[in-house]
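Each remark here refers to the structure printed beneath this line.
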Amino acid sequence: GVTPSLGAYKKILDIFCRRQQKSQILLDVLNELEKVGTFTPVDPEDFNFFRRAMDVCDMHLSNVAAAYRLHEIYLKNEEFLPNFNDRNNYYLSLFFVILKNEPIEVTMEFYNKVTPHVMSPTITAFQTLLRELHSQGASHHLPKLWMDLQASNFAAVKLSIQRETTLKVLDVVA
């Protein structure tokens, strides 16, 4: 038996998980990966697997259970996201799938665990989280979010977006 590399699995996701067609193939891939556990890089594409697979969990499937399964595999193979940008994008996709599918308290527990040490939220992440805090009546999380917004210099966006975000914060307070 030949064991496919993570890069081969990434190519499978690229083929089957396109916007116009919904495929559950990632669940089959996860079943295979869970049998193996840890991996050794054999192909440069291996380093793109976890980021792509988490994108599939978020954008293609919006499947939080698959995201959690993938994350458990990733935690045993963290060397496959060696740079900050890839790791940050992976964690942002995980954050968004949790935000869309879990109660706000679960989302905030994850957010507090990874921000700012592992994940650096984008302004879109901050604004989406603010909307959810407002809609779910979770304004008690606002002080932490406000501190993170300030610490990140509003994710380094232009002043008009900083003002817009500040107004969203005030909406949550009101």
Seminar exercise, completed: Descending accessible area (1.4 Å probe), largest on the left, turns Arg87, Arg131 into Arg131, Arg87
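Taking a probe of 1.4 Å, how large is the accessible area per residue of the chain, in Å²? Don't skip to the answer; put the middle values down first.
Details: 9190 Å² over 174 residues.
That works out to 53 Å² for each residue.
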Seminar exercise, completed: For Thr128 the rounded accessible area (nearest 10 Å², probe 1.4 Å, non-protein molecules ignored) is 30 Å²
Problem set entry | Given Lys11/Lys35; Lys22/Lys113; Lys76/Lys113, the pairs whose alpha carbons are separated by over 28 Å | Lys22/Lys113
For this session: Note down the Stokes-Einstein diffusion coefficient of region 58-108 in µm²/s, whole number, using a Kirkwood radius over alpha carbon pairs, 20 °C, and 1.002 mPa s.
Result: 188 µm²/s
For this session: For region 58-174, give the magnitude of the charge dipole about the Cα centre (Cβ charges: +1 Lys/Arg, -1 Asp/Glu; no others), in debye to the nearest 20.
Result: 240 debye
Seminar exercise, completed: The Cα extents of region 42-165 along the principal axes, largest first and rounded to whole Å, are 47, 29, 23
For this session: Would you please give the FRET efficiency between Ala156 and Ser62, computed as 1/(1 + (r/R0)^6) with r the Cβ-Cβ distance and R0 = 22 Å, to the nearest 0.05?
Result: 0.20
Problem set entry | Carbon and sulfur %, accessible surface of the chain computed with the full protein complex present, 1.4 Å | 55 percent
Problem set entry | Cα gyration tensor of region 16-108 - equivalent ellipsoid semi-axes, whole Å, descending | 20, 16, 13
Exercise. Measuring from label point to label point, each 7 Å out along Cα→Cβ, what is the Glu109 to Leu170 span in nm?
Worked result: 3.5 nm
For this session: Compare Ala138, Ala53, Ala67 in a GNM of the chain, Cα atoms joined below 10 Å, and give the one with the largest fluctuation.
Result: Ala138
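The values are calculated or read from the model by the stated rules, or taken from the named source; none is laboratory data. Source: prediction; values computed, not measured. So basically every Cβ, Gly included, is an ideal-geometry build from the backbone, and we count neighbours across all protein chains shown. These accessible areas exclude ligands, DNA and RNA; they are computed on the full protein's heavy atoms, side chains included. Shrake-Rupley method; radii C 1.70, N 1.55, O 1.52, S 1.80 Å.
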